Amino acid sequence: MKLSLIPNLFKKPLKSLKLPESIILKELKTVTQENNLLTYENITIYHHSRSILIPLMILDTTRGIYLFEYKDWSYDELKKATIEKASQQNQSQKTLAFQKSHNFIEQKYNEMTHNDCVPIYNFLLMQNLNSYEHEHLDASFKQLLPQERIMFNDLSKDAVLQKMKNIPKSFHPMPQVADIIGNILVQYAIQDNNDITHIVTTEQQNFIDLPFASFEVISAPTGSGKTSAFLLKMIFQKIKNPELKIIIIKQTVLSCDLLRKKLLSIIEHAFIEFDITSIEIITPAELTSRHLKSCNKDALQDEIKINNILMHKDFYASDVIICDDSDLLTNEFKNYLKHLQHNANLLLIRSAKPLNETYTFTRNFAKEHKKVFFEQANPHAKALQIIASLLEFHMPRDILVVSSTLSKEKLNDDLEYFIKYKAVLLDSSKKLIDQDIDNLLLCGYSDINSLNAKFVILMDVCFASSVELEYAYNLCSESVYVLYEDECEKLASLRSDFEDNKE
């Protein structure tokens, strides 16, 4: 009996590629854990409009990528068989029979980085075949399925490790882990505000992989990548289910535009085909206006007021509603969302300390030790002094001032007069295209959603809410300046939370 290797034995439906639990798989997982190798099981690699399922991928940062495929062939099935090498079979000892997966990864990596892919080596997991039985197969098997690339069911943990170590170490320096995985498994790559790639945590990967549930809450600090994580989940869950209708709630018109920009950036980086028009990003006022319109009632303009009509009339908004930074919204509005989505899916994302959340992201990708300065002085004069000092060494876009409306308007006038610099009075009710946010920004506490800066100056803290102050503090990556004239309860709370960072 002759078998053609590629068409008959290796071309199976995707559902059959998933690895069943087996003794050899458990040994392999133990080896990877003990040697700190990065392991991904049953993962999909996406590229443009195509995708391919990889049963098991392991990254060895000194050697390259190992691809594993499971085969349930027994000795009785193979003992009278021979294998014909398929015409497209690569002669390389690296590839075995996985040429399609191999080429797919190399093409994606090359397109994204314009560099050759890291070395790829392929193995078979064979639960129903042992080393002795392989020796008695036809010579054609030994040529195309060499023993050193097969994990047999009788291998010990040490033998499994030795087969992996028999791969020579790379002669060339390997890219960083985040660059390798981030360019292959784009659904697990987060870009921070400095365009540095981070691999998602195990917590985030579990969240991204699972379908949307009826009601979920994420608790995660600013800088944890929670916004990127929910956008990745949304993109790749929608690729799996193109009919899924999704609405994202952001607090302001400006923050909606900033999120669209981030969504476009992720799609562009991932090299995937995705219809961004199938995702709506709207404000709370837009959502309630749609509901009222469906009831033949007048919209509330920019006002968010939850009345009896909204709480008692059903309205289909979408299959999934995602509310980012939900702690900045009232409990009344969040209860309205729960009512609205009682037969659909609702995801709330918050920055507050965890209570009974479905998911909690604990890692912070942002700078761990920010400086915080509490300055008791004339806030207006002190702000001018700090801004002038920062502008000597930093770009205007690195500075964000948060205050009351009156303070920011007066500060803007004095900046132009004393420092000869014109800042931007931010208006979050306007679109991104209508204002230059790549500048020194003066804004109110209600305008800060989705902003970030290296340096944040907080004024009028006694008149802001605790939630707004915590959110504003977390916008910065380097230093926060808290300016005040008189002590107050809000100031004491800020000191209690952040005084240990003071220098």
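The values are calculated or read from the model by the stated rules, or taken from the named source; none is laboratory data. Because the structure is a prediction, the values reported are computed rather than measured. Heads up, the Cβs are rebuilt from the backbone with ideal geometry, glycines too, and the neighbour counts pull from every protein chain shown.
Results, tabulated for the structure shown:
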| quantity | calculated |
| --- | --- |
| Set S219, S255, S156: member being small (G, A, S) and over 30 Å from L340 (Cβ atoms) | S156 |
| Which listed residue, of I399, I386, I419, is among the β-branched types (V, I, T), within 37 Å of the chain's Cα centre (by Cα) and over 21 Å from N193 (Cβ atoms) | I386 |
| Some residue of the range 208-229 being at positive phi and either in contact with a strand residue (DSSP E or B) (Cβ under 7 Å, 6 or more places away or on another chain) or polar (S, T, N, Q) (or both) | yes |
| Residues that are among the polar types (S, T, N, Q), part of a helix (DSSP H, G or I) and modelled with pLDDT of 90 or more, drawn from the range 266-293 | T288, S289 |
| The one condition in (1) modelled with pLDDT under 90; (2) over 15 Å from the mean Cα position of the chain (by Cα); (3) surrounded by fewer than 15 Cβ atoms within 10 Å (Cβ to Cβ) that L145 fails to fulfil | (3) |
| Of all residues making up the range 402-415, the number that are buried (at least 17 other Cβ atoms within 10 Å of the Cβ) and charged (D, E, K, R) | 1 |
| Candidate set: the range 9-41, residues that are more than 25 Å from S156 (Cβ to Cβ) and within 28 Å of the chain's Cα centre (by Cα); chosen: the one modelled with the highest pLDDT | K18 |
| Checking M151 against (1) assigned to a strand (DSSP E or B); (2) out of contact with any Ser or Thr (no Cβ under 9 Å at 6 or more places or on another chain); (3) assigned by TED's automatic domain parsing to the domain that holds R290, the condition it does not meet | (3) |
| Matching option when the condition is within 23 Å of F365 (Cα to Cα) and either of a type in the set (D, E, K, R) or touching a His at 6+ places or on another chain (Cβ under 9 Å) (or both), among K233, K238 | K233 |
| Test for C443: is it hydrophobic (A, V, I, L, M, F, W, C) and farther than 25 Å from N194 by Cα | no |
| Which numbered condition Y121 misses (of (1) without any contact (Cβ under 8 Å) to a residue 60 or more places away in the chain; (2) part of a helix (DSSP H, G or I); (3) surrounded by 14 or more Cβ atoms within 10 Å (Cβ to Cβ)) | (2) |
| Residues (over 23 Å from I448 (Cα atoms) and under 21 Å from the mean Cα position of the chain (by Cα)) located in the range 308-360 | V320, N345, L346, E357, T358, Y359, T360 |
| Residue match in the range 458-476 (condition: among the polar types (S, T, N, Q), without any contact (Cβ under 8 Å) to a residue 40 or more places away in the chain and assigned by TED's automatic domain parsing to the domain that holds H380) | yes |
| Residue count for the range 154-175, restricted to those that are part of a loop (DSSP other than H, G, I, E, B) and not hydrophobic (A, V, I, L, M, F, W, C) | 9 |
| Residue in the range 77-89 that is in contact with an Asp or Glu (Cβ under 7 Å, 6 or more places away or on another chain), in the same structural domain as R149 (by TED's automatic domain parsing) and modelled with pLDDT of 90 or more present | no |
| Selection count, the range 297-336, where residues are part of a loop (DSSP other than H, G, I, E, B) and at pLDDT 90 or above | 9 |
| Any hit, the range 469-482, residues being in a loop (DSSP other than H, G, I, E, B) and within 18 Å of V372 (Cα to Cα) | yes |
| Counted residues, the range 100-111 - those being touching a strand residue (DSSP E or B) at 6+ places or on another chain (Cβ under 9 Å) and touching a residue at least 40 places away in the same chain (Cβ under 8 Å) | 7 |
| All positions within the range 148-164 that are touching a residue at least 60 places away in the same chain (Cβ under 8 Å) and surrounded by 13 or more Cβ atoms within 10 Å (Cβ to Cβ) | M151, F152, N153, L155, K157, V160, L161, M164 |
| All positions within the range 392-410 that are in contact (Cβ under 8 Å) with a residue 40 or more places away in the chain and not basic (K, R) | H394, P396, D398, I399, L400, V401, V402, S403, S404, S407 |
| Test result for T62, at pLDDT 90 or above, assigned to a strand (DSSP E or B) and polar (S, T, N, Q) | no |
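Yes/no per residue for (1) among the β-branched types (V, I, T); (2) within 30 Å of E357 (Cα to Cα); (3) in the same structural domain as Y109 (by TED's automatic domain parsing); (4) touching a Ser or Thr at 6+ places or on another chain (Cβ under 6 Å):
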residue: S156; (1), (2), (3), (4): no, no, yes, no
residue: I167; (1), (2), (3), (4): yes, no, yes, no
residue: N183; (1), (2), (3), (4): no, no, no, yes
residue: I196; (1), (2), (3), (4): yes, yes, no, no
residue: A213; (1), (2), (3), (4): no, yes, no, no
residue: S219; (1), (2), (3), (4): no, yes, no, yes
residue: T222; (1), (2), (3), (4): yes, yes, no, yes
residue: G225; (1), (2), (3), (4): no, yes, no, no
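Each row is one residue, and each column tells you yes or no for (1) of a type in the set (S, T, Y); (2) within 22 Å of S326 (Cα to Cα); (3) buried (at least 16 other Cβ atoms within 10 Å of the Cβ); (4) in contact with a Pro (Cβ under 8 Å, 6 or more places away or on another chain).
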| residue | (1), (2), (3), (4) |
| --- | --- |
| K371 | no, no, no, no |
| N378 | no, no, no, no |
| K382 | no, no, yes, no |
| I387 | no, no, yes, no |
| L400 | no, no, yes, no |
| Y417 | yes, no, no, no |
| K420 | no, no, no, no |
| D427 | no, yes, no, no |
| D436 | no, no, no, no |
